[in-house]
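Please treat every number below as a calculation from the coordinates, not as lab data. For clarity, every value in this text was computed on a predicted model and none was experimentally measured. When we count neighbours, we look across all protein chains shown, and the Cβ atoms used for this are built from the backbone with ideal geometry, even at glycine.
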Amino acid sequence: DGGITQSPKYLFRKEGQNVTLSCEQNLNHDAMYWYRQDPGQGLRLIYYSQIVNDFQKGDIAEGYSVSREKKESFPLTVTSAQKNPTAFYLCASSPGGGMFPNQPQHFGDGTRLSIL
Amino acid sequence: SQQGEEDPQALSIQEGENATMNCSYKTSINNLQWYRQNSGRGLVHLILIRSNEREKHSGRLRVTLDTSKKSSSLLITASRAADTASYFCAYGGWDDKIIFGKGTRLHILP
């Protein structure tokens with residue numbers, strides 16, 4: 001079955017540590033996204049990528065980094081510069097715009113990150 | 001902030017009743033989408049309505065869009081226990097970014 005796989009499901013970070021969240025998709029989608037979800041805040045965009053080897057900052061990119069070396073993979077690193085990283089992180093993908101932007105996004109089941 | 005707003009923030013209804021959620025947004029849009037999120041899971045796309053459409057149906061879902069008021073509504077008819085979830089509207093312009101609202105928490109009472 002096609003879909004998006006996020007791992008791990010739960011992750012704990014120590015002070016001063018960088019951690020990397022994995023996101024893999026087999027939907028052959030061009031566009032991939034990372035969102036942060038805090039209680040009562042909805043989803044906020046961290047980074048997005050419309051094509052391999054290219055990505056753009058979203059609304060809350062500070063303290064995060066990404067790479068897009070393969071179409072299937074879009075890992076997110078939460079760096080030690082992110083002082084309040086405790087949140088639910090969601091990865092999504094979509095076919096990509098071209099003539100038809102804003103197509104429906106497919107989501108993984110998230111990674112819950114907590115501070116030790 | 002361009003983030004949309006859903007109304008109400010939370011809604012509890014009896015099973016079998018209809019549930020209505022509203023969404024207001026601030027920018028011009030290409031389309032507006034509704035998503036469902038069960039507790040601790042990712043979002044699932046429910047329905048998309050384009051800016052030149054006024055109403056759309058999918059099973060027990062009915063979505064309306066009023067671009068003059070920058071608002072949309074989602075109606076779930078004959079609610080079931082399995083409809084208990086959070087519902088988000090999301091909208092975008094002509095790039096591939098979409099903006100999510102803060103969501104409505106729907107609780108269906110047995």
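Structure data summary
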quantity: Normalised alpha carbon radius of gyration of the protein assembly as shown [divisor 2.2 N^0.38 Å]; calculated: 1.01
quantity: Kirkwood Rh in Å, taken over all unlike Cα pairs in the stretch B:42-108; calculated: 13.1
quantity: Residue A:47 long-range amide H proximity, modeled H, under 5 Å; calculated: A:34, A:58
quantity: Fewest-first sequence of A:20, B:104 by Cβ atoms within 10 Å of each Cβ; calculated: A:20, B:104
quantity: Residue order, fewest to most beta carbons within 10 Å, for A:80, A:94, B:39; calculated: B:39, A:80, A:94
quantity: Neighbourhood net charge (13 Å Cβ-Cβ; Lys/Arg +1, Asp/Glu -1) for residue A:109; calculated: +2
quantity: Rg/Rg_ref, chain A, where Rg_ref = 2.2 N^0.38 Å and atoms are Cα; calculated: 1.01
quantity: Distance from the stretch A:46-61 to the stretch B:1-47 (C-alpha centre basis), Å; calculated: 25
quantity: Fluctuation leader among B:27, B:64, B:84 - chain B, Gaussian network, Cα springs under 10 angstrom; calculated: B:27
quantity: Candidates A:15, A:69, A:24, ranked by Gaussian network fluctuation over chain A, Cα under 10 Å, top entry; calculated: A:15
quantity: Efficiency of FRET from Cβ geometry, residue B:10 and residue A:86, R₀ 22 Å, rounded to 0.05; calculated: 0.45
